[in-house]
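Since every read-out is calculated from the coordinates, none of them should be taken as a lab result. Predicted model, so just to flag it, every value in this text is computed and none were measured. We place every Cβ from the backbone using ideal geometry, glycine too, and count neighbours over all the protein chains shown.
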Amino acid sequence: MQNEILLEMKNIRKEFPGVVAVNDVSMDIRKGEVHIIIGENGAGKSTLVKMMAGLYKIDGGVMLLEGQEYKPANVLDAQRQGVNIIHQELSMMQNRTVAQNVFVGREPVMGPLRMVDNKKMNRQCRELLEGLGIDIKPTTMVKDLSIAQQQMVEVAKAISTENKLLIMDEPTSSLTQKEIDNLFRITRQLKSQGTSIIYISHRMQELMEIGDRITVMRDGCYVGTRDADDIEMSELITMMVGRTIENVYNRTYNEPGKEMLRTEKLTGLRFRNVDIHVCQGEIVGFAGLVGAGRTELVKAIFGFDQAEGGKVFLEGKEINLSNHSCNRAIQKGMAMISENRKTEGLFINMSIKDNIVQACMFDKFPNGIVKNDVIKETAEQGVKELKVATTSIEKKVFNLSGGNQQKVVIAKWLATNSKLFIFDEPTRGIDVGAKSEIYGIMNDLAKNGAAVIMISSDLLELLGLADRVYVMKDGEISGEVSHEENVFTQEYILSLGIEGGKAVEHKSPSAAESGPKDCQKGGNHAAG
Amino acid sequence: MQQVKEKLKNIPGLIWGVLVIILVFIFFAKGFTKYQNILNILSNTAILLIISCGMTMAILSKEIDISIGGVMSFAGLGGALFITRFENPGIPAIILTFAIGTGIGLCFGLFNGVLIGKYKYNYWLITFATMSIGYGAAQVINGGNVVSGFPKAFRNVADSKFLGIPTVVWVALVIVMIMLFITYKTRFGMHIYAVGDSEQCASQSGINVKKTRILIYMLAGMLSGFGGVLLVAKTNSAGPVAASGYEWNAIAATIIGGTSFEGGKGGLAGTIIGALVMSMIINGLQLMGFSNYWQQVYKGAFILLIIVVDVISRRKKKKAALRRVYKYDEC
Amino acid sequence: MTNAKFRNLFMKYSRLLVMILLVVFFAAATKTFWGPDNWGNVSNIVLQQAPFTILLAICMTLVIVLKGFDLSIGSAVALISCVAGMVLNKTYNPWLAILAALILGAVIGIANGILVAYVEVPTFIVTFSMQWILRGIAMVLLGGKQIYDFGPTFRNIFTSSRYTFLILMAVIAILMALLLSKTVFGREVYATGTNQDAARMSGIRVKRVYIMAFLINGLIIAFTSVLYIANLGTAEPIIGENFPMTAIAATLVGGTAVSGGSGKVSNAVIGSLIMLVLTNGMIHLGVPSEWQQVMIGAIIVLSVVAERGMQKISVETV
């Protein structure tokens, strides 16, 4: 049974405007195995599984499910044929109960009037959740659950149908240890029932724990498949990155300069009592689970969200938080590359030119009258500087690949006089070539004296680039690690993010006291 | 029992503010509490409630149908022109009259539903356009004239009494019961909520979102058409702008009843109260002797006010919910 | 490549083509619309009707670029006309009346803007409620009466030359076109209409943009109201009931998309002309005027359907 093939993929190809996301991938999934797919951000893992789940149509190649040609028209069709996916992003109905969410679209009905049988639905849901060891009442509203609990409800929902193949796309990125253990138990249980599972993850040690086979992808291509039992971690990393880590992250560390940003007990909707500081010439990373409050923190610093308490100092001067806005933040020298490139970073239906000049108009045209030649010049300079691959600055940005789109966003901010750059997941959905260019830009910014904040869920990236890494858990800073400490490792940072560092505290001196990397206490500490 | 509690929770604090207004009416509006006036309020509520059912479904699905007034006017006039052909209409003719009105509503609803549900055109714009088409068509079919003086048998559907209560109220009761059943007890009802709460989730869970939306607009259209004919029977006149403003009363009734523009939240149970409140307010303003003009100003201001209150309270609740997810309340 | 270029060129001027075809059609099909011995009708359209429709369509364009609608324009014209008419009636001073109109227009605009920007109520709801309130106030003020007596000077200012309305309209249209294309504010409007979150992230003060846009909107409406009563010679509270419909139809027919972020003054001008030619031509064809409202509704639906069709055909050449 272990070696029977469930799903076979032959020469699968998928293109998006300007980029080949999945290129000529052939692989197979066996019955009753846990198959792990790994790769860096933008390697094409998610695109590949989304094609299996019917979310994307394939542009080339064939898929065979149990020997029959498999061509799902949509998610529903895929589900009918026994392929189900648990998404990376939650899509739950917030104002409905857990049971209503689990059984949406297939509510049990009774009687000649086909009334919805709420009792039966709640009972079935309770049985399902109990069977999975999830301690949630079926009648609870989903909005009252934590993000991790919602993720588990999603898992329950996916499992409640008959599946031949269950795809989990980074299911653990928002889970705490307790839920991760539970998820692994469920995974093993499903496996013993003969369900095949595809599991996408960034976290290496998870793979070893539950995987049977591991497939590595890089730049949209298939690199290789190995049995989990006989592969070394170092070999996997080499397969993933395709070269040694050092030469991707070409980081030149500088002596940190004056303090650029400092927060004191900063509190907002999803974070509280955050004390951080960032100096000129530094790249400061933020690690943590999805939903730990990292994005909300930087959005409050940038003025996009309202902070509720605490203080923020920029170059030693306090920012008036009650009167803070993106506009003021930009005038004071901040720049933010948002994690949602398409909804917050770009005007997707506008030209490259219009996108690049959007943030520098106030500087360049103080009297309010626009000069077209200045705009053109600025845009052309930005395109040249960042090597955006395009034939014209008039091209609409939705025609560009993810990497080039991100470069347009960065070009927008380089056209302003910013001194503090906030990068939120800057390499998500970007091919490796563009990625190393973006790393290069970040390094150059730091070298030239700008302060850089970088949020990333890719720990390798943080380890390769950051001077220091703050780890957040449940909205609070749970630790700080400098690149000069010997605990600057994936395992330690992960443990801080998941457990709050309790399990491993004895290994490290209290991170907050790590003296060597504090900024030079320069003259402009006036407000402090 | 749990569900009843949930539904009660969904009735917002707005109701308390409204109660104050009603108290003012009780003390200052002459004859507000008289038996005859209460019957009057009830029969005014009846028609508003019927069309509010459609509006509630539309708003639950995170959209809106403002074609209601136009559809009502056109359907009412269509039915009126039919029934006036009879000196002494029998029951079949009366049923046919209502069927014509409902059918006209159905056509409009189908048109809205297909364009909005299937082809995803902007719902504001499409229902706004059909509203205009409805009013325009009502002008066209009778040259802009008002029809009045209908056979007694037809008027009796709305304008007589059964057990001391106007028949129009009984008619509305039957329809509301059916609609309550549909929205709370059927799969389709569940799907209205699902589509309004998260369209993405609904479609990924196998709900036919297009079909659901088309059905919502069809039902809303049918209810408006039926309500239009009922309005003719009740007022004994049918004019091209007879139902002008009903869409906004229906929106107000829905929002007062706790269904919010956020979609997927609230329900018909609240709308019943909302419609009653709306009728009381209109009635109270009349009794307090405000001219039609002032009533219009107050009504506009009032609708704006409740919508603003709804939006602001929703924003607060959302923040509180976010915080709850992060368990900050415990700290 | 040439094919694609040709197609885009065609798309760009398709509306002009539609208008020319309509004019030719009505001129051929009816004797009264436009003929060698009948210039009156067309000059009437251009000099007496077009300025008003175009000004209202420009207002609507500004709001639709911001992804909204303004349904209060009709009632706003009614209220402002009544107030200006009353001031004229009392003082006979035209400049005082214009000042009063502009102040009232600014107040209405700012009220709409604040509700949209700060309370984040959909523009549709705000402006529709506002419509009730404004017309109600107009009714309360005049109680269904009309005002005729504007004093000796007022109408002379605007009607001494037949071209005054056209010229004033052209001045405002050019100013608006410059505002939208040549100023930072104009770029902010397009950015906000395209993507409000991205606009905020880029440092655009979105709330200010909304309020400013509605303020400008209110001022143009006030100006239009003054022109309107000058042209009509009376002020009464029931004028302008069809204005929002007509303006929305004209804007959409002109090619401004309801999805926000696109649309120009030239679109509003050409769209208004198409609507005027169509409604006027229908009357000359003998279609009863009752059909007009049905037709405008149908045109709105058709133009959004056509817009999507056009998007599918158009190809990007750069």
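For chain C, what's the relative contact order in percent, using C-alpha pairs closer than 8 Å and at least 6 residues apart? All intermediate terms of the calculation are to be shown ahead of the outcome.
On the way: 484 pairs, mean separation 105.9, N = 318.
About 33 percent, as a whole number.
Length gain on complete extension for the stretch A:THR139 to A:ASP77, per 0.36 nm per residue less the alpha carbon to alpha carbon distance? Intermediate values should be presented prior to the final figure.
Working: separation 62, 0.36 × 62 = 22.32 nm, distance 2.90 nm.
Extending this stretch completely gives an extra 19.4 nm.
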Legend entry - Karplus-derived 3J(HN,Hα), 6.51/-1.76/1.60, for each residue of region B:193-205, Hz, glycine and proline x: 4, 4, 4, x, 6, 8, 4, 4, 4, 4, 6, 6, 8
Legend entry - Label-point gap, in nm, between A:ILE5 and A:ASP227 - each point 7 angstrom along Cα→Cβ: 1.9
Inset, instruction - Give, rounded to the nearest 20 debye, the magnitude of the charge dipole that region A:340-417 has about its Cα centre when Lys and Arg contribute +1 at Cβ and Asp and Glu contribute -1 at Cβ. - result: 220
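Share of antiparallel DSSP beta bridges in chain A, in percent to the nearest 5? Don't skip to the answer; put the middle values down first.
On the way: 45 of 81 bridges.
Here the share of antiparallel DSSP bridges comes out near 55 percent.
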Legend entry - FRET efficiency for C:ALA306 and C:GLN146, using Cβ-Cβ distance with R0 set to 25 Å, rounded to 0.05: 0.05
Legend entry - Alpha-carbon centroid distance for the pair region B:301-316 / region A:288-350, whole angstrom: 28
Legend entry - Table column - 3J(HN,Hα) (Hz), region A:382-388, Karplus curve with 6.51, -1.76, 1.60, x for Gly and Pro: x, 4, 5, 4, 9, 6, 6
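FRET efficiency for B:ILE141 and A:ASN349, Cβ-Cβ distance as r, R0 = 30 Å, nearest 0.05? Before the final figure, lay out each step's value.
On the way: r = 43 Å, r/R0 = 1.43.
Taking R0 as 30 Å, the efficiency between B:ILE141 and A:ASN349 is 0.10.
Can you list, largest first and rounded to whole Å, the semi-axes you get for the protein assembly as shown by taking the square root of 5 times each eigenvalue of its Cα gyration tensor?
On the way: eigenvalues 601, 294, 173 Å².
Rounded to whole Å, the semi-axes are 55, 38, 29.
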Legend entry - Proxy reagent accessibility, fewest Cβ within 10 Å first, across A:ASP305, A:ASP77, A:ASP444: A:ASP444, A:ASP77, A:ASP305
Legend entry - region A:340-417: relative contact order as a whole-number percent, Cα under 8 Å and 6+ apart: 49
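Take every DSSP beta bridge with both residues inside the protein assembly as shown and express the antiparallel ones as a percent of the total, to the nearest 5. Intermediate results must be reported in sequence, preceding the final value.
Numbers: 53 of 89 bridges.
Once the DSSP bridges in the protein assembly as shown are tallied, antiparallel ones form about 60 percent.
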Legend entry - Degrees separating the helix A:177-192 axis from the principal Cα axis of chain A, which is the longest one: 30
Legend entry - Residue with peak Gaussian network fluctuation, chain C [Cα springs, cutoff 10 Å], from C:ASP197, C:ASP70, C:ASP149: C:ASP197
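Subtract the Cα-Cα distance of C:LEU99 and C:ASN156 from 0.36 nm times their separation in residues, and report this length gain in nm to one decimal.
Details: separation 57, 0.36 × 57 = 20.52 nm, distance 1.76 nm.
Extra length from C:LEU99 to C:ASN156 when fully extended: 18.8 nm.
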Inset, instruction - Give me the distance in nm between label points sitting 7 Å out from Cα along the Cα-to-Cβ direction at A:GLN68 and B:LYS152, one decimal. - result: 7.0
Inset, instruction - With springs connecting C-alpha atoms under 10 Å apart, model chain C as a Gaussian network and identify which of C:GLY263, C:GLY68, C:GLY203 has the largest mean-square fluctuation. - result: C:GLY203
Legend entry - Principal axis box of region A:306-363, alpha-carbon based, largest edge first, Å: 38, 24, 16
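Determine, for B:LEU180, B:LEU230, the number of other Cβ atoms within 10 Å of each Cβ, and report the residues in order from fewest to most. Walk me through the numbers before you get to the answer.
Values: B:LEU180 17, B:LEU230 27.
Fewest-to-most ranking of B:LEU180, B:LEU230: B:LEU180, B:LEU230.
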Inset, instruction - State whether chain C is rounded, prolate or oblate according to the following rule on the C-alpha gyration tensor (a ≥ b ≥ c being the square roots of its eigenvalues): a/c under 1.5 gives rounded; otherwise a/b larger than b/c gives prolate, and the remaining case gives oblate. - result: oblate
Legend entry - C:HIS284/A:GLN189 FRET efficiency (R0 60 Å; Cβ-Cβ; nearest 0.05): 0.15
Inset, instruction - Quick one: which residues, 5 or more positions from A:ALA389 or on another chain, have an amide H under 5 Å from its amide H? H modelled 1.01 Å from N in the peptide plane, none for Pro or chain starts. - result: none
Legend entry - Structure-based [θ]222 nm, chain B - -39500 (n - 2.57) summed over DSSP H runs of at least 4, per residue, nearest 500: -25000 deg cm²/dmol
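Could you work out the relative contact order of region B:18-310? I mean the mean sequence separation of Cα pairs under 8 Å and 6+ apart, divided by the number of residues, in percent. It would help to have the intermediate numbers written out before the result.
Details: 541 pairs, mean separation 102.8, N = 293.
For region B:18-310, the relative contact order is 35 percent.
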Inset, instruction - With a/c under 1.5 counting as rounded, go ahead and sort region B:82-183 into rounded, prolate or oblate using the C-alpha gyration tensor (a ≥ b ≥ c being the square roots of the eigenvalues; past the cut-off, prolate if a/b is larger than b/c, else oblate). - result: oblate
Inset, instruction - Arrange C:TYR228, B:TYR184, C:TYR92 by Cβ neighbour counts within 10 Å, fewest through most, would you? - result: C:TYR92, B:TYR184, C:TYR228
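Can you give the mean number of other chain Cβ atoms that lie within 10 Å of the Cβ atoms in peptide B:291-302?
Average per residue, whole number: 6.
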Legend entry - Nonlocal amide H pairs with C:LEU66, under 5 Å, H built at 1.01 Å: C:GLY261
Legend entry - Amide H within-cut-off set for A:ILE86, under 5 Å, with H built and near neighbours excluded: A:ILE167, A:MET168, A:ASP169
Inset, instruction - Report ³J(HN,Hα) in whole Hz for each residue of region A:21-38, in order, from the Karplus equation J = 6.51 cos²θ - 1.76 cosθ + 1.60 where θ = phi - 60°; Gly and Pro get x. - result: 7, 10, 10, 6, 9, 10, 7, 9, 10, 8, 5, x, 10, 9, 10, 9, 10, 10
Legend entry - Cα-projected label distance for B:ILE91 with A:MET110, points at 7 Å along beta-carbon direction, nm: 3.5
Legend entry - Helix-only mean residue ellipticity at 222 nm for chain A, each DSSP H run of n ≥ 4 adding -39500 (n - 2.57), per residue, nearest 500: -9000 deg cm²/dmol
